[in-house]
Amino acid sequence: MFEGERAVMISHSISICCVGTVMTLTAPATAQTAPPPPTSATSARALGDPAQWVSLADYPAAAYNAQHEGAVRVRLSIAPLGFVDGCTIVESSGFAELDEGTCALLRIRAFFTPARDAAGNAIAGTQTRRIVWRHPVLHPEVVTPPAPVVPASVPPAG
């Protein structure tokens, strides 16, 4: 056994009854090790790349047309199964459509490994995230140009 492991002793007995005699056979006790209990709680961790949760294509139409931009800080409530079950605006962008759009997208796209208590059980958790909306007309450097199209080679006529 290793330090910190718990041993569980298991013994097996079989009784055999014959005419006038009862015999009991007992197998020797065997030690089985159980994993040590976790020593500390862990917080929820994002699954995948959080930078992929919101894209330029997600820009709310009303905010895009009005050229609104800003940063939204949200507190996400994370269920024990790892999905977002609540979103609270901690710091507004100043534009309701950006704030509401951020929460709507994160409720759909953000997934986490759940937080765990000291016993290793999945529990609810929270995380704070900041999403920055930059309008592509006001910040053309934000727009990633499309990858160049490489024409397929044409086999020679023959």
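The values are calculated or read from the model by the stated rules, or taken from the named source; none is laboratory data. It should be emphasised that the depicted structure is a prediction, and the values quoted were computed from it without experimental measurement. Because the Cβ atoms are built from the backbone with ideal geometry, glycine has one as well, and the counts that use them run over all protein chains shown.
Some observations on this one:
- The range 99-129, residues that are of a type in the set (Val, Ile, Thr) and either over 20 Å from Ala57 (Cβ atoms) or without any contact (Cβ under 8 Å) to a residue 24 or more places away in the chain (or both): Ile108, Thr113, Ile123, Thr126, Thr128
- Some residue of the range 117-137 being part of a loop (DSSP other than H, G, I, E, B), at pLDDT below 90 and either among the small types (Gly, Ala, Ser) or surrounded by fewer than 14 Cβ atoms within 10 Å (Cβ to Cβ) (or both): yes
- All conditions but one from (1) in contact (Cβ under 8 Å) with a residue 12 or more places away in the chain; (2) farther than 20 Å from Gly48 by Cα; (3) of a type outside the set (S, T, N, Q) apply to Ala96; the one that does not is (1).
- Glu100 vs. criteria at pLDDT 95 or above, of a type in the set (Asp, Glu) and touching a Lys or Arg at 6+ places or on another chain (Cβ under 8 Å): no
- Any hit, the range 74-86, residues being surrounded by 10 or more Cβ atoms within 10 Å (Cβ to Cβ), at pLDDT below 95 and within 30 Å of Val132 (Cβ to Cβ): no
- Matching option when the condition is of a type in the set (D, E, K, R) and within 15 Å of the chain's Cα centre (by Cα), among Arg134, Arg130, Arg107: Arg107
- Of all residues in the range 47-73 being hydrophobic (A, V, I, L, M, F, W, C), surrounded by fewer than 17 Cβ atoms within 10 Å (Cβ to Cβ) and under 22 Å from the mean Cα position of the chain (by Cα), the one that is nearest to Ala96 (Cα to Cα): Ala51
- Entry remark, the range 96-114: residues being in a strand (DSSP E or B) and either over 10 Å from Phe83 (Cβ atoms) or of a type in the set (D, E, K, R) (or both) number 1 in total.
- Evaluating Glu97 against the criteria (1) at negative phi; (2) surrounded by fewer than 16 Cβ atoms within 10 Å (Cβ to Cβ) leaves one unmet condition, (2).
- The residues of the range 72-95 that are of a type in the set (A, V, I, L, M), out of contact with any helix residue (DSSP H, G or I) (no Cβ under 9 Å at 6 or more places or on another chain) and not in a loop (DSSP other than H, G, I, E, B), listed by number, are Ile78, Val90.
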